[in-house]
Amino acid sequence: MTAVNSRCSQNTEDQTTDSAQEEDSSSQKAKSHEQNPAGYISNIDLENGFRGFGFSSELIKTIESKGYKSPTPIQAAAFPELMLGRDLLGQAQTGTGKTAAFALPILERLEDKNGPPQVLVLTPTRELAMQVADSFSSYSEGHPNIKILAVYGGADFRYQINALRRGVHVVVGTPGRVMDHMRQGTLIQSQLKCLVLDEADEMLRMGFIDDIEWILEHLPKERQMVFFSATMPSEIRRLSKRYLEEPAEITIKAQKKDPKLIRQRYITVQNSYKIEALKRVLETSSNEAVIIFARTKAITQRVAEVLESVDHNVAVLNGDVPQALRERTIERLRNGGIDILVATDVAARGLDVERIELVINYDMPFDTEAYVHRIGRTGRAGRNGEAILFVSPRERSFLHNMEKAAGQKIEKMDIPNNDFINQYRLKKIRNELSQKQEMDAHDEKEILILEKLINEMEEELKMDPKTIALNALKLAIGKSNLLINDDESWLTQPDSYRRRNERYDDRNRGKRRSNYDVGAVEKDKLRYRLEVGFRDHVKPGNIVGAIANESGLKGKLIGRIQIKEHYSLVDLPKGMPSNIFQNLKKVKVMNKELNISIYTEK
Ligand code: AMP
């Protein structure tokens with residue numbers, strides 16, 4: 001249910017409960033729209049759309065040109081308060097329309113004069129800063145003189161200084177860079193009339209609280225303050241009590257409503273088979289664009305490399321990616337240049353790309369809030385979306401917490417097995433063939449040439465049309481096999497077995513026998529050499545971990561490991577697919593590439 005409370009700060013204690021008597025008229029209207037799954041108020045509920053809030057006709061025209069029909073609940077509640085210049089404490093998540101909730105009234109109240117900034121918006125990440133600045137720019141289309149500037153670390157400092165010198169109305173930035181500009185006097189704060197703290201809880205989580213207090217302390221005494229936060233931890237309450245003056249309080253409990261647009265499922269998979277499971281899920285996904293969340297930068301890198309090796313169009317977004325490249329990556333995701341983004345939580349915060357139809361939680365999120373934020377990357381602007389959570393047998397107990405946070409059941413999903421994948425592949429070929437037929441109807445000249453070729457083959461080589469068609473299909477499929485026939489025994493292991501197996505793997509990782517265990521290689525195995533050894537402080541567990549992760553091999557299938565001074569030897573099952581072999585070459589252990597090769601005794 002979406003609940004809206006809008007009232008003064010005296011009633012802060014029960015701010016998440018509905019209180020009919022205290023709701024003002026805008027929130028009353030907002031409440032009446034509960035049937036609408038997207039959370040937007042329909043025309044019937046608010047016939048006036050964006051009229052009646054005191055917005056200029058230019059702004060209304062701009063909003064209507066974006067296709068917005070009526071305000072979202074947070075907007076309906078926030079517009080009147082912000083147009084009056086009141087302070088505001090808003091509890092709302094991304095996807096609720098909170099950016100427009102503060103951006104539209106702020107734009108309307110700007111003075112049309114060039115000079116030091118009048119509005120400062122603080123965001124926790126560069127991505128969100130860019131996104132909010134973009135929103136401001138697009139909402140100010142009807143006000144061509146209004147200048148918006150995003151300032152964040154990693155972007156060109158001189159450009160920002162020059163823009164600030166020339167005069168901007170709204171600055172949107174991350175705390176560190178904003179402080180730098182304030183300290184060196186390039187961001188003059190004396191004319192600031194309004195400050196917005198966006199995603200305040202995230203700022204807190206990312207350790208920006210001292211920076212924010214520093215910035216707040218340096219603002220003029222007379223100013224409007226707006227805090228938005230998805231949750232309301234005590235630290236944010238403390239900040240708001242200290243810095244906001246009799247704020248209007250708005251709470252949008254949209255969490256339970258929005259995820260309904262998102263089909264949420266989980267798969268149970270042992271850690272060592274995650275990458276294999278991911279490949280299977282992606283192969284059978286028909287979603288336009290996918291974002292995969294991983295816990296660390298190293299995992300994002302590794303996952304992306306594996307996906308690239310099986311011809312996915314993939315890019316990485318993590319803290320190591322330079323800012324300019326991040327921007328390009330997001331743009332490419334937006335315009336279809338890439339279809340899969342493998343990201344860490346921090347790098348992907350605030351990401352708003354409508355093409356994302358599937359969110360894969362490759363690693364369990366750190367907490368339930370992160371889960372809700374992650375799945376919020378799909379189902380944008382009222383679209384449908386899908387989310388899949390990878391859960392190891394021992395993480396199963398967290399599932400219930402995620403369900404509670406998302407306010408809906410997370411259904412069980414089977415990892416696609418060989419049969420399913422093969423059916424999917426055949427269906428895809430069939431679809432592509434029939435589409436191709438329609439496409440080629442336009443290309444008559446080429447068809448004539450191809451028909452001539454077929455005729456020649458029929459006559460000269462005495463080939464029947466069926467054989468030619470078959471050969472053509474084989475050509476189109478390429479070198480890889482049409483049907484998958486990989487080991488899938490791990491898909492059907494019962495949970496209890498998987499749990500036992502996982503414990504077995506964990507226990508054995510650290511104490512696998514090494515040097516003293518030299519002997520002949522077992523007959524179903526092959527001995528490989530890895531270019532990492534004692535001098536690199538490598539332990540058997542590191543090698544097992546890397547190989548299991550990369551190859552999807554069960555820990556117990558990894559045979560003897562011998563660690564030598566400069567290199568190591570490991571016995572692995574015969575018949576390693578060449579793409580896994582190639583990938584293993586590049587995998588780094590103790591910061592050194594394994595550069596795996598088949599071992600030949602001298
Ligand atoms: P936000 O919560 O600010 O991240 O906004 C989520 C999405 O909703 C953005 O893509 C906005 O463009 C869109 N949006 C904001 N307000 C409205 C509205 N009143 N009607 C339709 N879409 C909206």
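Restricting Val226, Val281 to those that are hydrophobic (A, V, I, L, M, F, W, C), at pLDDT 95 or above, in the same structural domain as Gln93 (by TED's automatic domain parsing) and within 30 Å of Gly385 (Cβ to Cβ) reduces the list to Val226. Taking each residue of the range 212-227 that is in contact (Cβ under 8 Å) with a residue 40 or more places away in the chain and looking for partners that are surrounded by fewer than 16 Cβ atoms within 10 Å (Cβ to Cβ) with beta-carbon atoms closer than 8 Å, six or more apart or interchain, yields Gln224/Gly85; Met225/Glu245.
Only a single criterion out of (1) more than 12 Å from the ligand (Cβ to nearest atom); (2) more than 19 Å from Ala324 (Cα to Cα) is not satisfied by Tyr139, namely (1).
Return yes or no: is Phe50 within 13 Å of the ligand (Cβ to nearest atom), part of a loop (DSSP other than H, G, I, E, B) and at pLDDT 90 or above? Lay out the reasoning, then the answer.
Working: within 13 Å of the ligand (Cβ to nearest atom): yes; part of a loop (DSSP other than H, G, I, E, B): yes; at pLDDT 90 or above: yes.
Answer is yes for this residue.
For Glu64, indicate whether it is surrounded by fewer than 24 Cβ atoms within 10 Å (Cβ to Cβ), part of a loop (DSSP other than H, G, I, E, B) and within 16 Å of the ligand (Cβ to nearest atom). It is false that Glu64 is surrounded by fewer than 24 Cβ atoms within 10 Å (Cβ to Cβ), part of a loop (DSSP other than H, G, I, E, B) and within 16 Å of the ligand (Cβ to nearest atom).
Only a single item in (1) within 16 Å of the ligand (Cβ to nearest atom); (2) of a type outside the set (Ser, Thr, Tyr); (3) modelled with pLDDT of 50 or more is not met by Gly85, and it is number (1).
Could you please let me know if Ile330 is outside the structural domain of Glu199 (by TED's automatic domain parsing), over 10 Å from the mean Cα position of the chain (by Cα) and modelled with pLDDT of 85 or more?
Numbers: outside the structural domain of Glu199 (by TED's automatic domain parsing): yes; over 10 Å from the mean Cα position of the chain (by Cα): yes; modelled with pLDDT of 85 or more: yes.
When the stated conditions are applied, Ile330 passes them.
Of all residues in the range 90-119, those being in a loop (DSSP other than H, G, I, E, B) and either without any contact (Cβ under 8 Å) to a residue 60 or more places away in the chain or away from the ligand (no atom under 15 Å from the Cβ) (or both) number 11.
Among the residues in the range 122-136, are any basic (Lys, Arg) and away from the ligand (no atom under 13 Å from the Cβ)? So far as the range 122-136 goes, yes, one or more of its residues are basic (Lys, Arg) and away from the ligand (no atom under 13 Å from the Cβ).
From the list Lys574, Lys602, Lys554, the lone residue that is more than 30 Å from the chain's Cα centre (by Cα) and modelled with pLDDT under 80 is Lys602.
So is Gln184 more than 16 Å from the ligand (Cβ to nearest atom), surrounded by fewer than 18 Cβ atoms within 10 Å (Cβ to Cβ) and within 29 Å of Glu235 (Cβ to Cβ) or not? Steps first, please.
On the way: more than 16 Å from the ligand (Cβ to nearest atom): yes; surrounded by fewer than 18 Cβ atoms within 10 Å (Cβ to Cβ): yes; within 29 Å of Glu235 (Cβ to Cβ): yes.
Here the answer is yes, as Gln184 does meet what is asked.
The values are calculated or read from the model by the stated rules, or taken from the named source; none is laboratory data. On a predicted model such as this, the values are computed, not experimentally measured, just so you know. Cβ atoms come from the backbone with ideal geometry, glycine included; neighbour counts cover every protein chain shown.
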